[in-house]
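The values are calculated or read from the model by the stated rules, or taken from the named source; none is laboratory data. Because the structure is a prediction, the values reported are computed rather than measured. For neighbour counting, all protein chains shown are included, and Cβ atoms are generated from backbone atoms with ideal geometry for every residue, glycine included.
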Amino acid sequence: MISSLAFAYDLSEVAGWRNAPGHDPFKPWWARSLYAFLLVICAALVGVMPDLVSLNIAAQVLNALLLPLVFAFLIALSLEALPVTPRPRGWYLAALLGMSSTVCVKGVVGTSAWEL
C-alpha cells in the first residue's frame, strides 16, 4: 500500500503536479486510470501465478538487477546536488564506489544462478 501511494505521488510529480501534503496526487484523471490499471495488472499477476514463492524470487532478482542503476543515480545525485562541503570526494568517494560496486557485482552474480 505504501509503495503504491509513493508511486502515485512520484507519478504526479513527474507529470508536473505539485505534491504538497494538502494536494491530491490523483487529481488528474490519467493518474487515477494508470494507478488503477497497474493495480489490476499486479492483482492479475498474483492471481495467475501458481507459485507465489517464484513470483517473490523474481521480484527480488529484479531488485538485484536494478540495484546498480539505483546506486549510480544516488552517487551522481550526491556529487551534483549536495553542497560542496558534504559531497563525497577523495578516499570516501573511492570507498563508496568500491563498496557499492562490490554489492552490485555480488547481487548480479547471485541472480545469475537463479532458475525459475
* Asked: For region 85-116, what are the residues that are closer than 27 Å to ALA58 by Cβ and not in a helix (DSSP H, G or I)?
  -> ALA113, TRP114, GLU115, LEU116
* Restricting the search to region 29-84, which residues are closer than 25 Å to GLY98 by Cβ, more than 16 Å from the chain's Cα centre (by Cα), part of a helix (DSSP H, G or I) and not hydrophobic (A, V, I, L, M, F, W, C)? -> SER78, GLU80
* To do: Run ALA58 past the list (1) outside the structural domain of LEU11 (by TED's automatic domain parsing); (2) at pLDDT 90 or above and report the number of the one that doesn't hold.
  => (2)
* Asked: So ILE75 fits all but one of (1) at pLDDT below 90; (2) closer than 30 Å to VAL14 by Cα; (3) in contact with a helix residue (DSSP H, G or I) (Cβ under 7 Å, 6 or more places away or on another chain); (4) not charged (D, E, K, R); what number is the exception?
  -> (1)
